[in-house]
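A short worksheet on the structure shown next.
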Amino acid sequence: MASNLHLPLLFLLSMAYSSLGAVPKKPMDVPFGRNYVPTWAFDHIKYNNGGAQVDLVLDKYTGTGFQSKGSYLFGHFSMSMKLVGGDSAGVVTAFYLSSQNSEHDEIDFEFLGNRTGQPPILQTNVFTGGKGDREQRIYLWFDPSKDYHTYSVLWNLYMIVFFVDDVPIRVFKNSKDLGVKFPFDQPMKIYSSLWNADDWATRGGLEKTDWSKAPFVASYKGFHVDGCESSVQAKFCATQGKRWWDQKEFQDLDGLQYRRLNWVRKKYTIYNYCTDRKRYPTLPPECKRDRDI
């Protein structure tokens, strides 16, 4: 896979500048304190440039994390991140949305550390009504530790889309008509964290964290939140149908976005629960819809 980590310049330019019919609005760069607060190990969060950029630090004693001040029911959320570099096996950096009860909904980006020289792995997952087990894993087509890249979630009543630098890498459509629960009535907070997960993260826990490489640092900026802010008891968005991210053009991807998505699937996908027949002898109903995209 190492030969696939760099794209030709012309292709990169076309990916960056091609016109999209339903491209999300450009995220706003705002300081950390506008939308977020630390949640644990406050001394392991370092603030730079007046809070415009923060570092999360993991050492052998603890990791750390932060969460949004508000809860949201639909919206567009993004974070610009520069991930842990070098030998990061066992280390996980997460950016996710989650509701607050046992039958929770959750939308996950999880970046799984790896041994030096091996491609980084991005795992995504969607929980609905407390049920997850919908993992997909891809190699990224760049080194995420060398520079900041933007990771975004677009969530509305019709679909959840995971974006990496405006490239859609996964779509989870509303398949309630197929009997599949979809996150629509549980407001979620936004979280990010850096922690040691060497019991499972790298090769199923075979590769352990090398603490001689600590401290491990993940850097963040951007902190964009554009959502329907709600109380944790809310069952609907009061501005439903009135925000840019739930207009008609955002009910589905456009043609170019589907081509980009298929490019990711063909070249960089290393695991998709929908194709795991040992784990799922019967195809999950949402996978049939996904396969027909």
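The values are calculated or read from the model by the stated rules, or taken from the named source; none is laboratory data. What you are looking at is a predicted structure, and each value in this text was computed from that prediction instead of being measured. Cβ sites come from the backbone with ideal geometry, for glycine too, and all protein chains shown count toward neighbours.
Checking each residue in the range 101-113 for being more than 19 Å from residue 174 (Cα to Cα) and out of contact with any strand residue (DSSP E or B) (no Cβ under 7 Å at 6 or more places or on another chain) picks out 101, 102.
Within the range 114-149, the residues that satisfy the criterion of being assigned to a loop (DSSP other than H, G, I, E, B), in contact with a strand residue (DSSP E or B) (Cβ under 7 Å, 6 or more places away or on another chain) and of a type in the set (D, E, K, R) are 134, 135, 147.
Within the range 150-173, can you find the residues that are out of contact with any Pro (no Cβ under 8 Å at 6 or more places or on another chain) and in a loop (DSSP other than H, G, I, E, B)?
156, 157, 158, 165
Based on this model, can you work out whether residue 239 counts as buried (at least 17 other Cβ atoms within 10 Å of the Cβ) and hydroxyl-bearing (Ser, Thr, Tyr)?
So residue 239 fails the test.
Scanning the range 209-238 for residues that are of a type in the set (Val, Ile, Thr) and over 19 Å from residue 99 (Cβ atoms) yields 209, 217. Of all residues in the range 185-221, those being aromatic (Phe, Trp, Tyr) and surrounded by 19 or more Cβ atoms within 10 Å (Cβ to Cβ) number 3. Given the condition surrounded by fewer than 17 Cβ atoms within 10 Å (Cβ to Cβ) and farther than 21 Å from residue 72 by Cα, answer yes or no: does some residue in the range 128-141 qualify? Within the range 128-141 (the criterion being surrounded by fewer than 17 Cβ atoms within 10 Å (Cβ to Cβ) and farther than 21 Å from residue 72 by Cα), the answer is yes, since at least one residue qualifies. All told, residue 152 falls short of being more than 25 Å from residue 254 (Cα to Cα), touching a strand residue (DSSP E or B) at 6+ places or on another chain (Cβ under 9 Å) and modelled with pLDDT of 95 or more.
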